[in-house]
1. May I ask you to list the residues in segment A:263-295 that are closer than 21 Å to A:Gln165 by Cα, among the hydrophobic types (A, V, I, L, M, F, W, C) and within 14 Å of chain B (Cβ to nearest Cβ)?
2. B:Gly98 versus (1) in a loop (DSSP other than H, G, I, E, B); (2) over 24 Å from the mean Cα position of the chain (by Cα); (3) surrounded by 19 or more Cβ atoms within 10 Å (Cβ to Cβ): which is the lone unmet condition?
3. Within segment A:176-201, how many residues turn out to be within 19 Å of the chain's Cα centre (by Cα) and assigned to a strand (DSSP E or B)?
4. Of B:Ala260, B:Ala252, which residue is modelled with pLDDT under 95, touching a Pro at 6+ places or on another chain (Cβ under 7 Å), under 30 Å from A:Arg233 (Cα atoms) and assigned to a loop (DSSP other than H, G, I, E, B)?
5. Consider only pairs whose beta carbons are under 9 Å apart and that are at least six residues apart or on different chains; among these, list those whose first residue lies in segment B:290-306 and is free of Cβ contacts under 8 Å to residues at least 60 places away in the same chain and whose second residue is among the basic types (Lys, Arg).
6. Restricting attention to segment B:1-14, report how many residues are part of a strand (DSSP E or B), touching a strand residue (DSSP E or B) at 6+ places or on another chain (Cβ under 6 Å) and within 14 Å of B:Leu67 (Cα to Cα).
7. Would you point out the residue of segment B:173-182, among those that are crowded, with 24+ Cβ neighbours inside 10 Å and out of contact with any Phe, Trp or Tyr (no Cβ under 6 Å at 6 or more places or on another chain), that is farthest from B:Ala146 (Cα to Cα)?
8. Give the number of residues within segment A:274-289 that are in contact (Cβ under 8 Å) with a residue 60 or more places away in the chain and buried (at least 19 other Cβ atoms within 10 Å of the Cβ).
There are 2 protein chains.
Amino acid sequence: MSENNLQVLLKRRPVGEPVPEDFEIAERPVPLPGRGQVLVRNRFLSLDPYMRGRMSDAKSYAKPVELGAVMEGATVGEVVASDDPGFAPGDAVMGGQGWQRYCVMTPDKLRRVDVGEVPLSANLGVLGMPGLTAWVGLEDIGQPKAGETVVISAASGAVGQVAGQIARARGAKVIGIAGGPAKCAFVTDELGFDACLDHRGDLDAQLDAACPEGIDVYWENVGGHVQEAVFPRLRDFGRMVMCGMIAQYNQAPGADAKGAPPGPNLGPIVRKRLRVQGFIVSDTGWQRYPQFRAEMLEMMRDGKLRWREDVVVGLDRAPEAFIGLLKGRNFGKLVIRID
Amino acid sequence: MSENNLQVLLKRRPVGEPVPEDFEIAERPVPLPGRGQVLVRNRFLSLDPYMRGRMSDAKSYAKPVELGAVMEGATVGEVVASDDPGFAPGDAVMGGQGWQRYCVMTPDKLRRVDVGEVPLSANLGVLGMPGLTAWVGLEDIGQPKAGETVVISAASGAVGQVAGQIARARGAKVIGIAGGPAKCAFVTDELGFDACLDHRGDLDAQLDAACPEGIDVYWENVGGHVQEAVFPRLRDFGRMVMCGMIAQYNQAPGADAKGAPPGPNLGPIVRKRLRVQGFIVSDTGWQRYPQFRAEMLEMMRDGKLRWREDVVVGLDRAPEAFIGLLKGRNFGKLVIRID
């Protein structure tokens, strides 16, 4: 094999917004699979907001990436060589193989994917972790009922686009929130949400108009001024699906520290019997992956599930694309095509 | 009947802390029961923090008491005269009969109580709305498991004392928080909590010592600086039972208004997969009253349920006692003995 293994390493821990110098592009020899192992060539890398947490050594639900190590991330690719009877060269697989072109894996970390039904990269988005996140959060916490009003922040993003379409398929009125007219138009015209509000405009006035009766379910992806506008509009027995708060991922000090930006007064949680609950898809999501995938494929066949990817070509552009993701510069699920 | 019907009316809506002048003591003739009605003489009146909300016309889960009307509240007493075949003079009954000596009721608003098992007034506390509140909040939200650490604020109060004992009966380690050494001694020595922390002291240091591994369930009765100390100590998958926030009931503006005191940054709810949920006992609690009562009586027989009442004698002292309740001056479940 003449090709090298291109890798993106974590060079230093960012303070505030990551910068390109926090990453290092390395070229290494392609690894050789050992006994029982599988060599995979990655075709697409998923870039997701949670990766900002892995760059920090602040206490979190998962261990940070070590300095000098390959950045963590999910990929799809194909098997190049295999010493495991369950995988053969050419098999399409997904797994958490990191920001790199090649990887040697044990079979338990790989999942074979069916390339007939959808494009390979969809296994990182609508049929991957972000889609599964949307499904789990609605199953376990949001539980939208027919006729309820559901508000989805970051509605054009990887999780938001799926969450909104599932909620709509279950009969809810779904209002998206996104940044700028192009994303908003996509959310209504392509994804079919009932409305989409631009958080760069007067969000209070737009919410008053779009949700005059209040909000039953809020899908929280962002925090910040969007949370501030939505929280007081939750109705009795409302649910707040706490999926992420990207607006503060680059902030220091962390949300736990003294001096963190304050949140809402919690009094309305009592009075309105709200349920505000967080979840991490990896806790129980992958055990339920088959059920999720079946439901997504059915929605696709019924024309009820559309999605948009933002494909950046070249692994060396991953740091720049990731930095943009944290600023909302992507439009749709952000993936790197590894050429 | 020569006796008059003493009543406490809402004279004006308090701004901030209620004062005696917000109430009016009135003497009226004893009402006469009409067709199908029951005349009850109340013996005990329950005073509870929720009543502060009823004095305000700010939007809430229940309608406010109208100016000039009798203050709302639960009572226990006995039937004096009845035109309903289900109730006879001398029957002990409970119901929401307000701050008054006599009341005419329809039978559907009355519940007969068994006076053999426990003192009459216990039907307003450990076997009444506060006890039911404790049970429902733990059943539906707190769900303490054996070995978990449960923290109960206002631990010597009507709800807190029951919540802590139920959690202990289910195998949890239970830490109370109360105001002052007398209440703390009662919580450990009489109620049998594993520890009780004085919120007038250095709560951070006390929590570090009592809950070195963090907190699985927090029963929120108070808000304010107690919430601030407990929230960051919640462990992964922690539950926060949002029962009340008495520390801010006298505050203006309300918790919903712009300018309300801020709360915690919600980021940890995602990261730690917390569930922060409010409830109001009257939503579904009374349908489950028989199950609750049976469990409480069993705990009593097993010596696992103790309680303390703070009995103030004389209905005319109810305003002063209620004002004290909001300041934490009561010690145990506050009831008025109506003589």
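1. A:Phe279, A:Ile280, A:Val281
2. Only one criterion is unmet by B:Gly98, namely (2).
3. So the answer is 3.
4. Details: B:Ala252 fails: touching a Pro at 6+ places or on another chain (Cβ under 7 Å).
From the options B:Ala260, B:Ala252, the qualifying one is B:Ala260.
5. B:Glu298/B:Lys304
6. Number satisfying all stated conditions: 3.
7. Within segment B:173-182, the subset crowded, with 24+ Cβ neighbours inside 10 Å is B:174-178.
Narrowing the set further to residues that are out of contact with any Phe, Trp or Tyr (no Cβ under 6 Å at 6 or more places or on another chain) leaves B:175, B:177-178.
Numbers: B:Ile175: 14, B:Ile177: 20, B:Ala178: 23 Å.
Filtering segment B:173-182 for residues that are crowded, with 24+ Cβ neighbours inside 10 Å and out of contact with any Phe, Trp or Tyr (no Cβ under 6 Å at 6 or more places or on another chain), the one farthest from B:Ala146 (Cα to Cα) comes out as B:Ala178.
8. Summing the residues that are in contact (Cβ under 8 Å) with a residue 60 or more places away in the chain and buried (at least 19 other Cβ atoms within 10 Å of the Cβ) in segment A:274-289 gives 6.
The values are calculated or read from the model by the stated rules, or taken from the named source; none is laboratory data. Predicted model, so just to flag it, every value in this text is computed and none were measured. A quick note on method: Cβ atoms are made from the backbone with ideal geometry, for glycine too, and the neighbour counts reach across all protein chains shown.
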